[in-house]
1. Check off (1) over 21 Å from Ala186 (Cα atoms); (2) without any contact (Cβ under 8 Å) to a residue 40 or more places away in the chain for Met274 and give me the number that stays unchecked.
2. Suppose we keep only residues that are among the hydroxyl-bearing types (Ser, Thr, Tyr) and surrounded by fewer than 16 Cβ atoms within 10 Å (Cβ to Cβ) within segment 339-361. Which one would you say is modelled with the lowest pLDDT?
3. Is it the case, given these coordinates, that Lys128 is under 26 Å from Ala82 (Cα atoms), surrounded by fewer than 20 Cβ atoms within 10 Å (Cβ to Cβ) and either touching a helix residue (DSSP H, G or I) at 6+ places or on another chain (Cβ under 6 Å) or without any contact (Cβ under 8 Å) to a residue 24 or more places away in the chain (or both)?
4. Might you let me know whether segment 150-173 holds any residue that is more than 16 Å from the chain's Cα centre (by Cα) and basic (Lys, Arg)?
5. Here are some conditions: (1) in contact with a His (Cβ under 9 Å, 6 or more places away or on another chain); (2) under 22 Å from Ile232 (Cβ atoms); (3) surrounded by fewer than 17 Cβ atoms within 10 Å (Cβ to Cβ). Tyr308 meets all but one. Which one does it not meet?
6. Cβ-Cβ under 6 Å, sequence separation 6+ or interchain: first residue in segment 197-211 and under 18 Å from Asn151 (Cβ atoms) and touching a residue at least 40 places away in the same chain (Cβ under 8 Å), partner charged (D, E, K, R) and assigned to a helix (DSSP H, G or I). Which pairs?
7. Test Leu263 against the stated conditions and say whether it is under 30 Å from Ser412 (Cβ atoms), touching a residue at least 12 places away in the same chain (Cβ under 8 Å), part of a strand (DSSP E or B) and touching a strand residue (DSSP E or B) at 6+ places or on another chain (Cβ under 8 Å).
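The values are calculated or read from the model by the stated rules, or taken from the named source; none is laboratory data. All figures in this text were calculated on a predicted structure; none of them were measured in a lab. A quick note on method: Cβ atoms are made from the backbone with ideal geometry, for glycine too, and the neighbour counts reach across all protein chains shown.
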Amino acid sequence: MSLDNRSADMTPFDMSRRPVRQNPFLMPLIWTVCHVMTRKLGLKKVKRIGMDRITAPFLVIAAHQGFSDYYIAPRALFPRRANYVSDMEGFAAFGNELYHQIGCIGKRRYTPDISVIRNIAYALNELKQPVVIFPESRHCDAGITSAMPRNIGRLVKYFGVPVAVLTAHGSYLANPFWDEERTRPARLEACIEYLLTPEQIQKLDEDELQRIISERLDYDEYAYQLDNRISIADAPARGLHLPLYKCRACMCEGMMKSGGDTLECGSCGAKWLMDEYGRLQRNGEYTHIPDWYRWERKEAQKNAAAGYEASFRVRIEALPNEKGFVRLGTGTLTHTAEGFLLCIDSPPENIADKFPVRISSAALASAQTEYNYRGRGKCIVLSTKNCCYYCYSDDPAFIVTKLEFTAEYLHSKAHDMYE
């Protein structure tokens, strides 16, 4: 299915359009598809804790490990209909009207937009439906919770409705972000729990609400895999070099390779073997994949703290609306402590006034990263209120996981300056 915007229509998506109740005629199909897909992955039953006590519309805050989460959520909420906050790619892939009818609320990732808040409030207060949000805003890179936005406690306080939390195990293991093209034999478990009553929300402050929700959404899929002896033996390491980009032996970046059960450094030749339970082994010692990932994050933070600037030649595609992607040609992407700067070589006349695109570190909680989006390669996605810009590069130094870590660190430092 082509997602190209052949008319090059750059009209911004209408974020202010009100959500609707999920079309009742579509619900049997949605529930059937979700049940079949999750059963294939071994999800026998969704555990429900306290959900019979919720009578009012409520907010569902869901962990986001992988693609399977989109099937788990409707099954967990059955027989309730719900609205779902969704990124722009879904509207482009399935069409504006269909996505609207299945209850989706449009949003651009990591971009503040009051229209989204208004639409969530409308769904809760006027449509009287649950609303599902995925605050991580991405499929996780290495089996652990992605960076959480700092305003979750504030949003929960603002809406003041009951809060349920939806968690799952096995979604990442079945389709890790770095190898989503195939499905692995991972057993799914899911739980939806009534976590916070309106009375508790009123009593607790924003920081405490943030802490409670963040702790409840914390997960480690490789610990889950080992504890439950979930065996994945068919090329378990293929693609792992994408999140694990820095060699732990020689510290070289961007030279890691993976295939079969092997993760290898192309610079020093160090090799790690990945066993069927998700452990990396070298010289008789085991390395926990999330520990490697956390180490990389700290290394990227050190690099940014010491003074940071990176610049790459990029191919640019725009996603302004549900009509698809517009190819804009080539340009330069620069990242500094101040934020991202995107310049285009020859902007089309209808959008020349929109360039250069500047997004400050204070405004960008993280960077949307893709390892091989639509088969076009690695990319960083920069979103403004009116458009998403997909920036692809073949530069070996264009390490999107490192850019993600750096953007998160610089955002945190920018906010610390004001606190």
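1. (1) is the only condition that Met274 fails.
2. As a first pass, look at segment 339-361 and keep what is among the hydroxyl-bearing types (Ser, Thr, Tyr): 346, 360-361.
Subsequent filtering for residues that are surrounded by fewer than 16 Cβ atoms within 10 Å (Cβ to Cβ) retains 346, 360.
Numbers: Ser346: 85, Ser360: 92.
Looking at residues that are among the hydroxyl-bearing types (Ser, Thr, Tyr) and surrounded by fewer than 16 Cβ atoms within 10 Å (Cβ to Cβ), I get Ser346.
3. Working: under 26 Å from Ala82 (Cα atoms): yes; surrounded by fewer than 20 Cβ atoms within 10 Å (Cβ to Cβ): yes; either touching a helix residue (DSSP H, G or I) at 6+ places or on another chain (Cβ under 6 Å) or without any contact (Cβ under 8 Å) to a residue 24 or more places away in the chain (or both): no.
Considered against the rule, which asks whether it is under 26 Å from Ala82 (Cα atoms), surrounded by fewer than 20 Cβ atoms within 10 Å (Cβ to Cβ) and either touching a helix residue (DSSP H, G or I) at 6+ places or on another chain (Cβ under 6 Å) or without any contact (Cβ under 8 Å) to a residue 24 or more places away in the chain (or both), Lys128 comes out as no.
4. For segment 150-173, residues more than 16 Å from the chain's Cα centre (by Cα) and basic (Lys, Arg): present.
5. (2)
6. Once the first residue is under 18 Å from Asn151 (Cβ atoms) and touching a residue at least 40 places away in the same chain (Cβ under 8 Å) and sits in segment 197-211, its partners that are charged (D, E, K, R) and assigned to a helix (DSSP H, G or I) give Glu206/Arg154; Glu206/Lys157.
7. Numbers: under 30 Å from Ser412 (Cβ atoms): yes; touching a residue at least 12 places away in the same chain (Cβ under 8 Å): yes; part of a strand (DSSP E or B): yes; touching a strand residue (DSSP E or B) at 6+ places or on another chain (Cβ under 8 Å): yes.
Yes; evaluated as a whole, the condition is true for this residue.
Table: residues versus (1) among the basic types (Lys, Arg); (2) at pLDDT below 95; (3) within 21 Å of Leu403 (Cα to Cα).
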site	(1), (2), (3)
Pro243	no, no, yes
Cys250	no, no, yes
Leu263	no, no, no
Phe325	no, yes, no
Thr330	no, no, yes
Thr334	no, no, yes
Ala337	no, yes, yes
